[in-house]
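To start, the structure under review is shown below, and the notes come after it.
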């Protein structure tokens, strides 16, 4: 297994009207024996980054290291990687056993050893009973396990997956991602997984790298990414329903939502030391952290429910609030929320996120963005 170190990595493609930058100065380390997800919107560069790690794309600048080995100029077959693509691409006229063992075709491994390794990996993936069957006799999820087995049988230093479950049904995808995580922990293989699905990334990852326009916005554990987003892009990209962002003004420890008398007192330890009086900020609150209560006579923040999405254990209420240009999203387990009814909206000061209104960067006591000049 190997730690993957990316140094000042850059990738530029030639296009008819000039150049297109796909990856811009990525500098990071992917930890050994962990599952790391590259997550981001379509076109953010995550697949290009994965292909450079694999050796399928050559960096325009920068270096790639597996542990202390510089593999930047090394061919794909010599890097010690295995890769599973969105397109499973099993050999239709080979048995499951032959498909899995194909991963060792060009390695000098005794036949008895190959058979044992196939049996072992098939048992781990719960497909041992299908070894003599053909791929078209298997379900989509079973075929995906065969593709995983074909890659893992090589004992790769780095295991790369490019949206391998996107074509599967939701139920199969949920089951397979659990099995994949358990298998990765058992084998302790350094794994890099590309996805645009935040739910998959949060469920699978030891760490997440969020990409946007070819650059890393944030890298951290799923909890860190969700609880401490580094900027408004991360805050809005992670979490469903999407975080609410309100324009607000910070005076000392008093945070007042613009256009209303609704405010909250923050603890001194939660206030960024910007040195600016009346600082304009963005107030971020997760929908699950907002509370609804019957309309009162007080000067509270309030809105009228225009839609309720029934999602089972939790419902999402969308409220039209005169103070804001867009609907306020509230996730609630209350079953008595009615459309066309007005409610007071409240929140706990400990549940807020503050961002610089100009830069979008998170404001924290130990990492406060400088006021705009």
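Readers should treat all values here as calculations from the given coordinates under stated rules, not as data from a laboratory. Remember, predicted model here, so these are calculated numbers, not experimental data. Cβ coordinates were reconstructed from backbone atoms using ideal geometry, including for glycine residues, and neighbour counts include every protein chain displayed.
What is the calculated FRET efficiency for residue 116 to residue 223, with r their C-beta to C-beta distance and R₀ = 35 Å, to the nearest 0.05?
So, using R0 = 35 Å, E works out to roughly 0.30.
Pull up the DSSP beta bridges for region 4-236 and report the antiparallel fraction as a percent, rounded to 5.
Just about 55 percent of them are antiparallel.
Length gain on complete extension for the stretch residue 199 to residue 77, per 0.36 nm per residue less the alpha carbon to alpha carbon distance?
Length difference between fully extended and current span is 40.7 nm.
Would you calculate a helix-derived [θ] at 222 nm for the chain, using -39,500 (n - 2.57) for each DSSP H run of n ≥ 4 and dividing by the full residue count, to the nearest 500?
Using -39500 (n - 2.57) per qualifying helix, the result is -6000 deg cm²/dmol.
Under the rule a/c < 1.5 gives rounded, and otherwise a/b versus b/c splits prolate from oblate, where does region 65-118 land using the Cα gyration tensor?
oblate
Could you work out how far apart the two model spin labels at residue 70 and residue 155 are, taking each label as a point 7 Å from the Cα in the direction of the beta carbon, and quote it in nm?
In this crude spin-label approximation the distance works out to 2.8 nm.
When percent of Cα pairs over 28 Å apart is calculated directly from the model, which label among [x] 56; [y] 48; [z] 42 fits?
Among [x] 56; [y] 48; [z] 42, the one calculated here is [x].
In nm, to one decimal, how far is the modelled label at residue 91 from the one at residue 109, with both set 7 Å along Cα→Cβ?
1.4
From the Cα gyration tensor of region 215-373, with a ≥ b ≥ c the square roots of its eigenvalues, which class applies: rounded if a/c is under 1.5, or else prolate if a/b is larger than b/c, or else oblate?
oblate
If neighbour count is taken as other Cβ atoms inside 10 Å, put 151, 260, 346 in order from fewest to most.
Fewest-to-most Cβ neighbours within 10 Å comes out as 346, 260, 151.
Quick one: compute the contact order of region 237-356, relative version, from alpha carbon pairs under 8 angstrom and 6+ residues apart, as a percent.
Over region 237-356, the number comes to 29 percent.
Pop the C-beta distance of residue 19 and residue 361 into the FRET formula with R0 = 35 Å and round what comes out to the nearest 0.05.
Working from the Cβ atoms, E equals 0.80.
Please arrange 76, 15, 146 by how many other C-beta atoms lie within 10 Å of their C-beta, fewest to most.
Fewest-to-most Cβ neighbours within 10 Å comes out as 15, 76, 146.
In what sequence, highest mean first, do 29-36, 45-52 appear when ranked by Cβ atoms within 10 angstrom?
Going from most to least packed, we get 45-52, 29-36.
Got the relative contact order for region 146-296 handy, in percent, Cα pairs under 8 Å and 6 or more residues apart?
Value for region 146-296: 14 percent.
Please build a GNM for the chain, connecting alpha carbons under 10 Å apart, and tell me which residue among 184, 313, 200 fluctuates the most.
Between 184, 313, 200, it is 313 that shows the largest mean-square fluctuation.
Under 1.5 on a/c is rounded, so check that first for region 113-161, then, if it is not, pick prolate when a/b is larger than b/c and oblate when it is not; a ≥ b ≥ c are the square roots of the alpha carbon gyration tensor eigenvalues.
Oblate, since a/c reaches 1.5 and b/c is not below a/b.
Quick check: pseudo-label points 7 Å beyond the Cα along Cα→Cβ at residue 298 and residue 320, how many nm apart are they?
2.6
Full-extension gain between residue 280 and residue 334, please, as 0.36 nm times their residue separation minus the C-alpha to C-alpha distance.
Result: 16.1 nm gained on full extension.
For the chain, what relative contact order do you get, as a whole percent, if you take Cα pairs closer than 8 Å and at least 6 residues apart?
15
Determine, for each peptide in 224-234, 4-14, the mean count of other beta carbons within 10 angstrom over its residues, then list the peptides with the highest first.
224-234, 4-14
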